[in-house]
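J.: First the structure, then my questions, so here it is.
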Amino acid sequence: MSSSMVVEKSGLPPGRVQARPQFAIRPKSRIGIMFAFLWLCLVLVSTAAQAESQGSQAPLDLNRATAQELEALPGIGAVKAGAILAVRDTKGGFQTMEELEAVRGIGPALVKKLRPLVVVGKTAASSGKTTRKDRQ
């Protein structure tokens, strides 16, 4: 069978070839699109769940927190984090949240804001561990 016979049988004039639509969705590509859509939904749901679980982590222990961890708290920058660490080292740790007000730049309003985010755990002295201050 020659190519001219195929064209003639298709109902087109000789010399014309039927153009294939460029944007038609074939059944195989529908499955691909559905797979991509489901994968995207899964990624979005897992990202949302991960973000939610990070927001509900255990509170930060003031007596064990690093400067970087303290800086992640709202209202605490590098300077206040350093001041918290200085007061903590001087006192040997915090016993209550109210002692945080002794840090320069931290008042009752900021302590109230931080209360759900931080806890005062055991200090190194009360847990039997020695600190740098004890060793000197």
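Every number in this text was worked out from the coordinates using simple rules, so none of it is lab data. Computed from a prediction, not measured in an experiment: that's the story for all the values here. Please note: Cβ atoms are built from the backbone with ideal geometry, for glycine as well, and neighbour counts cover all protein chains shown.
J.: Taking only segment 74-83 into account, find how many residues are surrounded by fewer than 19 Cβ atoms within 10 Å (Cβ to Cβ) and in a loop (DSSP other than H, G, I, E, B).
T.: Going through segment 74-83 one residue at a time, the tally reaches 3.
J.: Here's something else I'd like to know. So G121 ticks every box in (1) over 22 Å from the mean Cα position of the chain (by Cα); (2) surrounded by 13 or more Cβ atoms within 10 Å (Cβ to Cβ); (3) without any contact (Cβ under 8 Å) to a residue 40 or more places away in the chain but one. Which box is left unticked?
T.: (3)
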